[in-house]
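The values are calculated or read from the model by the stated rules, or taken from the named source; none is laboratory data. Quantities reported herein were computed from a predicted structural model and do not represent experimental measurements. Every residue, glycine among them, receives a Cβ derived from its backbone with ideal geometry; neighbour counts consider all protein chains shown. Please note that ligands, DNA and RNA were not included when accessible areas were found on the heavy atoms of the full protein model with its side chains. Shrake-Rupley method; radii C 1.70, N 1.55, O 1.52, S 1.80 Å.
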There are 2 protein chains.
Amino acid sequence: MSSYSNYIDGNKDRMLDELLELLRIPSVSADSDYKEDVLKAADKVAEHLRNAGADNVEVCETPGLPVVYGEKIVDSSLPTVLVYGHYDVQPADPIELWDSPPFEPVIKKTALHPDGAIFARGACDDKGQFFMHVKAFETMMNNGGVPCNVKFMIEGEEEVGSANLGWYVERNREKLNCDVILISDTGMIGPDQPSITTGLRGLSYVEVKVTGPNRDLHSGLYGGAVANPINILNQMIASLHDENNHITIDGFYDKVQQVSDEERAAMAQAPFSLEAYKASLDLPDVWGEKGYSTIERASIRPTLDVNGIWGGYIGKGAKTVIASYAEAKISMRLVPDQDPEEITELFTKHFKSIAPSCVTVEVRPHHGGEPYVTGIDHPGFRAASKAMSATFGKEAIPMRSGGSIPILSLFERELGAKSILMGFGLDSDAIHSPNEHYGVRNYFMGIKTIPLWFEEYVKEMG
Amino acid sequence: MSSYSNYIDGNKDRMLDELLELLRIPSVSADSDYKEDVLKAADKVAEHLRNAGADNVEVCETPGLPVVYGEKIVDSSLPTVLVYGHYDVQPADPIELWDSPPFEPVIKKTALHPDGAIFARGACDDKGQFFMHVKAFETMMNNGGVPCNVKFMIEGEEEVGSANLGWYVERNREKLNCDVILISDTGMIGPDQPSITTGLRGLSYVEVKVTGPNRDLHSGLYGGAVANPINILNQMIASLHDENNHITIDGFYDKVQQVSDEERAAMAQAPFSLEAYKASLDLPDVWGEKGYSTIERASIRPTLDVNGIWGGYIGKGAKTVIASYAEAKISMRLVPDQDPEEITELFTKHFKSIAPSCVTVEVRPHHGGEPYVTGIDHPGFRAASKAMSATFGKEAIPMRSGGSIPILSLFERELGAKSILMGFGLDSDAIHSPNEHYGVRNYFMGIKTIPLWFEEYVKEMG
C-alpha cells in the first residue's frame, strides 16, 4: 500500500492537471451542439487508458455517442472487475449563476474543502470520479500490476439516460463478462464520514405540451373567453400532488416497496441536522410527503418534480398575450419495485385524463431508469467498506441515495453482475447545478482507496 | 367628399408605400435594445406630419420615449380635435412563428382580405391605424383645408403602458387643450360591419417570482425533500381561479359594475358564431367564467391570465434539476369601476398570503390602466356613426372591447375631453401575435372615413 501512496504523492500535480485538462472539454451530451466536444473527450479518455497500461483500448461506435473500452487481463482464473463511469456532463446553464466559467476549472478553498476544490461542470459528476479509477489503475500498473482482471467501460450518454449503452452491452456480453461492476458516481455522507450507496432511485422523465388557440392572442380581445394554456398547464401540474404532497396519479404507489421499520430506524441514525440542511440551502422551511423524514423523502420515497417550464412572453417588459401553448419537463424519481415504463404510461394516461376539453395535450417520454439495490453482504460491498474504512480511518456505513443510475439494472440483467457504488462526492458538491465542484482531497482519497478495494475484493473472492 | 376620394385614389400607391416604410422600423418599446429604432420612428412620424401640412411639429422629450406633436389651428372659435395614436409596437416574438419577417412588410391576399393585407408587426396596432389620420389630414389640407382645429399626439410607449404620457400631458394641458380626442387603435366587428368601441377594459400587470433553494439542485438528491419553486408557483397560480373560473382574489369583484340586462341583450344581438370563433382559433372548446357568454367574457367581465412563465431547464433534452426559482408575468383585465392600483394591491396581498412557508415570494407591479366608457350620445360618437355608416354603406353599431387603452382616463381627467374610438382593424388581424396584418382596404376606408368624421363632428358642434 505505501508504495501506492508514494507513487500517488509523487505524481500528484500531474494527476490533477490531467483531470483539469479533461474538464476543459464541454462534453455536454444533452445538447447536440456539443457533439464534437463529446467525441474529443472520448478520444482523450482512451488516450489516458492506453498511457495507464490498458490493452485493447477502443472508442466504440454506438447509434449515439461512443463508449470507451479498455482492459487488463492478467489471469483468467482471477476475478474480473468492470469499472463503469461516464465522460459526458450535464448542461451548464444557468451559466450566469456560475462564479467562474463552467469549462475553465479553477481550484478554490471552501469551508468543507480546506485543501481546495475543483470548480467546473463535471468536476464531481463524473469526470473527477471515473478518472480516479484511471489514475488508481495507473498506480497499480506501476507498482506490481493489478491483483485481478480489470475492464473499463466509460460511456458518453449517462446524462441523457444512457440512451445507447444497453445497445452496446447487449452486443458485447462476452467482452464485458465480469464478476462485479465498480462505480464511483455517487457521494458519501460527509467529508470524514465514508459511506457506500446500497440503493438508488429510478427515473421516469416526460415532456408535456398543452395547446390552446392556434396562435398567440391579444389578452384583451380574447382574455376570459378562451383557455389560457399556461393557466391550464399550471392547474394540471398543481393537481398532481394532494394536500399531503402525495402524488395523485392512479396506481403510482401500487408497487412501492415499504421499507422495514428496522431499516428506517437505521437510516435515522445517519448524522443529519435539519437546521444545517435548511441553512445550507437558505430554505425557510422544508417540504415533502406527509409521514416521512427529510432523509426518507429524498431516498426511499418516489417524487414528481417539474424540471423546467416555459410559455408565453419571457422577455423584458410587459406583453399582453395569451400564448398558443405551454410546455414543461417533468421527472419522477422511482423506488423499488416501481417500473419506469409502467409509471410513464400511468402518468401519460392520467395527465391526458385531467386535460379539460378546451385544450389538447401531448406527452413525450424521455429516458427512464429502474430503481436499484445492492445487498450489504455482497463481497464487493464488504471490500468497499474495508477499503474506505482504512483510508478514512472511520467505519464506512451503507446508505440509500435519491439519485438514479438507470443502467445498473441492465448490467445485472445482461452481465449477471451487481454494481458497487463507492463514491467520494459530497451532497454540497452542487452536481447538476452552477458552481459544481469536487474536493481535491476527495479526488486523491479516491485514488488511494481504489487499489485497496481491489486487494480486499481479491481476498473476499479468494 | 368626392374631391377627397379622388385625391386618395390618385395617391394610393404613395400612401401605401409610406406606411410600409414606417413598418420597416422595429420600434419595439418593451425592449431597450430597440431604443434607436423607436427614436428613428418618432422622427419619421414628425417628418410625415410636416409634409402633410402640420405646424409646430416637434419630437417632444419625456423621461422615457418621445411624443410626436403637431397641429393645424385654423380658427380658435371652431372646435379642436386631438388625434392620438402610437408609433411603438409590441415585441415580435415568437419570431419563428411568423411566415415572413415581422419588420419586412409584405402584402398577401387572405380570405377576409381579398384585396390583400399588409403583414408586419404594427401593421394594424397602431402604425397602420394612426397613419390613416396623417394621410386623411394631408387629404383635407390638399382639398380646402381642415374644417376645424386639429392636433396630433403620437406617442412611443403605448405598448408599455404609456409610462410617461401622463407626465407629458400634465405638463402640456394648454397646448393639448381640445374638445374631443379621436383615436383609431381598436377594431370593428367584421370587414363589412362597421362598429365604434364605447367601452374598454382596464389592466393590472404584475411579475411574480417564487424562490426556493439558493441554487439549482439535483432532483435525485433533493427531489421530494425540498419545495420545487415551479410546482409551488403552478399551485399558487392554479388557485387563482375556482371551479367556475371565478377569480379567487379577495375583493376582486367588489367594484365590478353589473351590466344591465338591456345592454347584455343588445350585445347578444351582435353577429357572432361560436362555431366560427372556435374554428378560427382551432379550439376544441371555449373556456370562461360560468354564467356569461363568450362575448361577455371578453368584454364586460374581468380576467386573470398568465402572459408568460419560465423556470428551470428549458433547453434541449432532459436535465434532472430542481430550479432555485420560477417566475411568471400575470395580467388582469379590469372593467368599470375596478381601480388598477387597488386590484394590484389586492393581488399582491392575496398572492403573498397563499405562499407556503417553504418558499419566498416577490410581486413586482408593471403598468396598469383604468377601464373606460364613452356614451353613445356624445357628438363625437354620433359623428363616427354617421361617417362609418356612410363609407361602409351599413349602420355602424356600438360595441364594448376587451382590450385596454390605459391612457384614456388620464386624458379625461387632465384635458376634460372624451375619447372617440373609431377603429378599422379586425379581431383576426392578429395584433400582438405572429403574422399581424392589416387589410389594405381597411387602411383606405379609414383614410376616406376620417375626413367625413371631421365634417360630421363640426356639424354636431355647430
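Quick check on segment A:203-225. Is at least one of its residues over 30 Å from B:Glu96 (Cβ atoms), in contact with a Ser or Thr (Cβ under 6 Å, 6 or more places away or on another chain) and of a type outside the set (Ser, Thr, Tyr)?
Yes, segment A:203-225 contains a residue that is over 30 Å from B:Glu96 (Cβ atoms), in contact with a Ser or Thr (Cβ under 6 Å, 6 or more places away or on another chain) and of a type outside the set (Ser, Thr, Tyr).
Take segment A:280-291 and flag every residue that is within 19 Å of A:Leu334 (Cβ to Cβ) and either open to solvent by 50 Å² or more (accessible area, probe 1.4 Å) or assigned by TED's automatic domain parsing to the domain that holds A:Gly403 (or both).
The one that is within 19 Å of A:Leu334 (Cβ to Cβ) and either open to solvent by 50 Å² or more (accessible area, probe 1.4 Å) or assigned by TED's automatic domain parsing to the domain that holds A:Gly403 (or both): A:Gly291.
Among the residues of segment B:322-337, what is the count of those that are assigned to a strand (DSSP E or B) and either basic (Lys, Arg) or under 32 Å from the mean Cα position of the chain (by Cα) (or both)?
Number satisfying all stated conditions: 10.
Which one is nearest to the chain's Cα centre (by Cα) among residues in segment A:425-439 that are more than 9 Å from chain B (Cβ to nearest Cβ) and open to solvent by 10 Å² or more (accessible area, probe 1.4 Å)?
The qualifying residue nearest to the chain's Cα centre (by Cα) is A:Leu426.
Any residue in segment B:192-201 that is assigned by TED's automatic domain parsing to the domain that holds B:Lys44, within 20 Å of B:Phe454 (Cα to Cα), modelled with pLDDT of 95 or more and among the small types (Gly, Ala, Ser)?
Among the residues of segment B:192-201, not one is assigned by TED's automatic domain parsing to the domain that holds B:Lys44, within 20 Å of B:Phe454 (Cα to Cα), modelled with pLDDT of 95 or more and among the small types (Gly, Ala, Ser), which makes the answer no.
If you check B:Ile247 against the conditions, is it under 24 Å from the mean Cα position of the chain (by Cα) and of a type in the set (Val, Ile, Thr)? I'd like the intermediate steps shown before the answer.
On the way: under 24 Å from the mean Cα position of the chain (by Cα): yes; of a type in the set (Val, Ile, Thr): yes.
Against the criterion (under 24 Å from the mean Cα position of the chain (by Cα) and of a type in the set (Val, Ile, Thr)), B:Ile247 qualifies.
Does at least one position in segment B:338-347 carry a residue that is within 8 Å of chain A (Cβ to nearest Cβ) and in a loop (DSSP other than H, G, I, E, B)?
no
Do you know which residues across segment A:1-42 are within 14 Å of chain B (Cβ to nearest Cβ) and touching a residue at least 24 places away in the same chain (Cβ under 8 Å)? Steps first, please.
Going through segment A:1-42, the residues within 14 Å of chain B (Cβ to nearest Cβ) turn out to be A:26-35, A:38.
The answer is A:Pro26, A:Ser27, A:Val28, A:Ser29, A:Ala30, A:Asp31, A:Lys35, A:Val38.
If you go through segment B:296-309 one residue at a time, do you hit one that is open to solvent by 30 Å² or more (accessible area, probe 1.4 Å), facing chain A (nearest Cβ under 10 Å) and under 27 Å from the mean Cα position of the chain (by Cα)?
Filtering segment B:296-309 down to residues open to solvent by 30 Å² or more (accessible area, probe 1.4 Å) leaves B:297.
From what is left, the residues that are facing chain A (nearest Cβ under 10 Å) are B:297.
Narrowing the set further to residues that are under 27 Å from the mean Cα position of the chain (by Cα) leaves B:297.
Yes, because at least one residue in segment B:296-309 is open to solvent by 30 Å² or more (accessible area, probe 1.4 Å), facing chain A (nearest Cβ under 10 Å) and under 27 Å from the mean Cα position of the chain (by Cα).
Determine whether segment A:440-452 contains at least one residue that is within 14 Å of chain B (Cβ to nearest Cβ), open to solvent by 40 Å² or more (accessible area, probe 1.4 Å) and in contact with a strand residue (DSSP E or B) (Cβ under 9 Å, 6 or more places away or on another chain).
No, segment A:440-452 contains no residue that is within 14 Å of chain B (Cβ to nearest Cβ), open to solvent by 40 Å² or more (accessible area, probe 1.4 Å) and in contact with a strand residue (DSSP E or B) (Cβ under 9 Å, 6 or more places away or on another chain).
Search segment B:97-120 for residues that are within 14 Å of another protein chain (Cβ to nearest Cβ) and pair each with any residue that is of a type in the set (Lys, Arg) and assigned to a loop (DSSP other than H, G, I, E, B) when their beta-carbon atoms are under 6 Å apart and the residues are at least 6 apart or on different chains.
B:Pro102/B:Arg121
Among (1) over 23 Å from B:Ser324 (Cβ atoms); (2) within 14 Å of chain A (Cβ to nearest Cβ); (3) touching a Ser or Thr at 6+ places or on another chain (Cβ under 6 Å), which single condition is B:His367 missing?
(3)
Name every residue in segment A:223-253 that is more than 7 Å from every other protein chain (Cβ to nearest Cβ) and under 12 Å from A:Ala326 (Cβ atoms), in order of residue number.
A:Pro229, A:Ile232, A:Leu233, A:Met236
So B:Lys319 fits all but one of (1) facing chain A (nearest Cβ under 7 Å); (2) over 28 Å from B:Leu408 (Cα atoms); (3) within 28 Å of the chain's Cα centre (by Cα); what number is the exception?
Unmet condition: (3).
List the number of the failed condition for A:Ile95; all other conditions in (1) modelled with pLDDT under 95; (2) within 25 Å of A:Gly439 (Cα to Cα); (3) in contact with a Phe, Trp or Tyr (Cβ under 9 Å, 6 or more places away or on another chain) hold.
Exception for A:Ile95: condition (3).
Every residue, every condition in (1) over 28 Å from A:Ser162 (Cβ atoms); (2) open to solvent by 10 Å² or more (accessible area, probe 1.4 Å), yes or no:
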residue	(1), (2)
A:Thr186	no, yes
A:Val210	yes, no
A:Asn214	yes, yes
A:His241	yes, yes
A:Asn244	yes, yes
A:Ala265	yes, yes
A:Ala268	yes, yes
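What residue, among those in segment B:325-337 that are modelled with pLDDT of 95 or more and open to solvent by 10 Å² or more (accessible area, probe 1.4 Å), is farthest from B:Thr248 (Cα to Cα)?
Going through the qualifying residues, I end up with B:Tyr325.
Suppose we filter segment B:139-153 for residues that are part of a helix (DSSP H, G or I) and open to solvent by less than 10 Å² (accessible area, probe 1.4 Å); how many remain?
2
Condition first: at positive phi and touching a residue at least 24 places away in the same chain (Cβ under 8 Å). Can you find one or more residues in segment A:138-159 that meet it?
yes
Limited to segment B:386-410, what total is found for residues that are at pLDDT 95 or above and not in a loop (DSSP other than H, G, I, E, B)?
Qualifying residue count, segment B:386-410: 7.
A quick yes/no check of all residues on (1) hydroxyl-bearing (Ser, Thr, Tyr); (2) in contact (Cβ under 8 Å) with a residue 12 or more places away in the chain:
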position	(1), (2)
A:Lys352	no, no
A:Thr360	yes, yes
A:Lys394	no, yes
A:Asp429	no, yes
A:His437	no, yes
A:Asn442	no, yes
A:Met445	no, yes
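Looking at segment B:169-222, what strands (runs of 3 or more DSSP E) fall wholly within it and have at least 2 residues that are in contact with a Lys or Arg (Cβ under 9 Å, 6 or more places away or on another chain), facing chain A (nearest Cβ under 8 Å) and in contact (Cβ under 8 Å) with a residue 60 or more places away in the chain?
Those strands (runs of 3 or more DSSP E) span B:202-211.
Can you tell me which of A:Ser385, A:Ser389, A:Ser401 is within 14 Å of the chain's Cα centre (by Cα), of a type outside the set (Phe, Trp, Tyr) and either over 19 Å from A:Gly85 (Cβ atoms) or within 14 Å of chain B (Cβ to nearest Cβ) (or both)?
Values: A:Ser385 fails: within 14 Å of the chain's Cα centre (by Cα); A:Ser389 fails: within 14 Å of the chain's Cα centre (by Cα).
Going through A:Ser385, A:Ser389, A:Ser401 in turn, the sole match is A:Ser401.
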